[in-house]
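Where a number appears in this text, it was derived from the coordinates with a stated rule and is not lab data. Just so it is clear, the model here is predicted, and its values are computed rather than measured. Backbone-built Cβ (ideal geometry, glycine too); neighbour counts: all protein chains shown.
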């Protein structure tokens, strides 16, 4: 099998590269390190590219820009992929407002370039689109909540499992990132539903793991662990630090992709996060990291919350589990924290 991974030096992309390389497949990775342009040196992913090149057998890297339609078409015409895993994106909720044109070009235009290349050159392939829960905008904030000592939670029993795919994605405030990703999400659905192609859309919660190049504007747990291990001050933006996210390890993300590859459902949309068992507030995350490192996290409170931010977001995984009953969360929240702290401490020791 021939696999294309876009954003191959990022968290999910690199996990996909390693998984399919280990399985004996030829993997082509497309990544032009645009994270360094978005976020500066802290967002640079060249370290991860080097790690992949050392660890893999059949991985080939291409420094292409997904906005460059002709280059993408040429690549697809030459390679005829069996599986496309599209992870490349401008990923920051906050950064998008500073670069609205670039954000939309990467997230929306780049996605339709890839989908059209698939339709023209390898229509039998499976296409995995990495979307985001930010396509829901702030609509999840309308779910009734209760405020507990260290977190918010849902007030009504029927909302216990979290936000389902039936949540609307319009008539709400998104952030420009949420809007560009919503555009990509919908066009990916259309290539599945209208053209009948094997396109699956996965709306990620907090995707995390030791290969994440987290920065303040993107990568909640990764950046928190960096601050805790290296020193510095973590900024909490609004909601008293009680805002909740569900976290899923990059390994479990790839297992969901693989389940879809084996049994594709054209145009289907799935929420993909850690679910209730892997949910944590910012305050609770501080406590977990402090317990592992033995050091207090230095943090300061910023009264102004991020525009369009979720107050309490837990991914309802019921649909995903019903369609793919063999898939499950295998990496607990404790495992995720311990692995990420160990990886960051190891990186610090080599500096």
request  = Considering each residue of segment 97-130, count those that are within 15 Å of residue 66 (Cβ to Cβ) and outside any helix (DSSP H, G or I), and give that number.
outcome  = 4
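Just name the residue that is surrounded by the most Cβ atoms within 10 Å (Cβ to Cβ) out of those in segment 299-328 that are in a loop (DSSP other than H, G, I, E, B) and touching a strand residue (DSSP E or B) at 6+ places or on another chain (Cβ under 7 Å). Before the answer, list the steps.
Pass one, segment 299-328, residues in a loop (DSSP other than H, G, I, E, B): 303-311, 313-314, 316-317, 324-328.
Keeping just the survivors that are touching a strand residue (DSSP E or B) at 6+ places or on another chain (Cβ under 7 Å) gives 304-306, 311, 313-314, 316-317.
On the way: 304: 7, 305: 15, 306: 15, 311: 17, 313: 24, 314: 28, 316: 21, 317: 26.
My answer is 314.
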key: Test set (1) closer than 25 Å to residue 38 by Cα; (2) under 13 Å from the mean Cα position of the chain (by Cα); (3) part of a helix (DSSP H, G or I) - residue 252 fails condition number   = (1)
query = Any residue at all in segment 62-71 that is crowded, with 18+ Cβ neighbours inside 10 Å and farther than 14 Å from residue 30 by Cα?
reply = no
query = Within segment 198-209, is there a residue that is under 20 Å from the mean Cα position of the chain (by Cα) and either surrounded by fewer than 20 Cβ atoms within 10 Å (Cβ to Cβ) or assigned to a loop (DSSP other than H, G, I, E, B) (or both)?
reply = yes
request  = Taking the options 209, 162, name whichever one is in contact with a strand residue (DSSP E or B) (Cβ under 6 Å, 6 or more places away or on another chain), over 27 Å from residue 143 (Cβ atoms) and touching a residue at least 40 places away in the same chain (Cβ under 8 Å).
outcome  = 209
ask   = Right, residue 35: more than 19 Å from residue 20 (Cβ to Cβ) and under 19 Å from the mean Cα position of the chain (by Cα) or not?
value = yes
ask   = Looking at (1) over 25 Å from residue 210 (Cα atoms); (2) out of contact with any strand residue (DSSP E or B) (no Cβ under 8 Å at 6 or more places or on another chain), can you tell me which one residue 111 breaks?
value = (2)
